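J.: My structure is below; once you've seen it, I'll send some questions.
Throughout, read-outs are computed from the coordinates displayed, never taken from laboratory work. Quantities reported herein were computed from a predicted structural model and do not represent experimental measurements. Every residue, glycine as well, gets a Cβ built from its backbone with ideal geometry; the counts of neighbours run over all protein chains shown.
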């Protein structure tokens, strides 16, 4: 899997390859750290997170440490930062519900299909709910994925109350004895307070019908916009209960370093990363593997 992840992260790896050259430059530690900070900012790690990492490396290394020691210190710092908020998955035996939130165009619908395919591979009976009733294309796209994966999709006419779709979906989910319900939601304007209220209403209905659910509320962010994803994410943090991040389109960007800054600044675990357009192009995020794929 590590080799495949390296391949999928090839564009970001090209940016991080400059770090390898830096560690072999023969420069003094302070020069290396200064150049490292610049390279990490260019890799879209983010200024505040970069400063935090550089200061931590300064504290844990000596002035005469070798380049290989500095590289190892960087790997350890990145792994520790990305592992700081470990994710927890819903218990496998019990029926579970996952809500997907995020702006339009971020990849929510395709990400749902990937999670559905993963669950099917684990032998689970899956259902999807098209609670984004404000964008006809979202329902159509989810319907196509449903046919492709042979997964039932609960939907309603354009403009219907999203909470009513969630209600119908949960009732069908229980009646048909499914193991996993994936709920798509609207993301038309991330600064719209009404949208946040709508998400809260959907969540309350789910919790009323299935106590303890939704077990996961995943914030879907587009990796190709790098640090700009943080602007979107901060707005969605006004919606309570987000349990983790699903970072999409990581294979098509040189801004994969944003994973580090996003994880650090939002203090949310990265749960999954999307590395392609197919339903199989899903990786459960593991900090050590991600760092190794970038730096080795």
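J.: Over 21 Å, how big is the tail of the calculated P(r) for segment 34-180, in percent of all Cα pairs?
T.: Cα-Cα pairs in segment 34-180 separated by more than 21 Å: 59 percent.
J.: So, one more: By counting other Cβ atoms within 10 Å of each Cβ, how are 65, 132 ranked from fewest to most? Show your work: numbers first, answer last.
T.: Values: 65 15, 132 25.
Fewest-to-most ranking of 65, 132: 65, 132.
J.: For segment 2-83, I need the span (max minus min coordinate) of the C-alpha atoms along each principal axis, in Å, sorted largest to smallest.
T.: Largest to smallest, the principal-axis extents are 36, 25, 21 Å.
J.: Stretched out fully, how many nm does the piece from residue 28 to residue 56 gain, at 0.36 nm a residue minus the Cα gap?
T.: Answer, rounded to one decimal: 8.4 nm.
J.: Could you please rank 78, 33, placing first whichever residue has the fewest other Cβ atoms within 10 Å of its Cβ?
T.: 33, 78
J.: Report which label in (i) 20.0; (ii) 19.3; (iii) 20.7 holds the value of Kirkwood radius over Cα pairs in Å derived from the coordinates of this structure.
T.: (i)
J.: Sorted by mean Cβ packing within 10 Å, highest first, what order do the peptides 237-243, 100-106 take?
T.: By packing density, highest mean first, the sequence is 100-106, 237-243.
J.: Then there's this: Would you mind putting 139-145, 258-264 in packing order, based on average other-beta-carbon counts within 10 Å, highest first?
T.: The peptides rank, most packed first, as 258-264, 139-145.
J.: Still on this structure, please answer the following. Run lengths n ≥ 4 of DSSP H only: what is the helix-derived mean residue ellipticity at 222 nm for the chain, with -39500 (n - 2.57) per run over all residues, to the nearest 500? The partial results should precede the final answer.
T.: Details: 12 runs with 152 residues, N = 296.
So the calculated ellipticity at 222 nm is -16000 deg cm²/dmol.
J.: Mind sorting 253, 248 by how few other Cβ atoms lie within 10 Å of their own Cβ, fewest first?
T.: 253, 248
J.: Which angle between 0 and 90 degrees, to the nearest 10, do you get for helix 108-121 versus the longest principal axis of the chain when only C-alpha atoms count?
T.: 80 degrees
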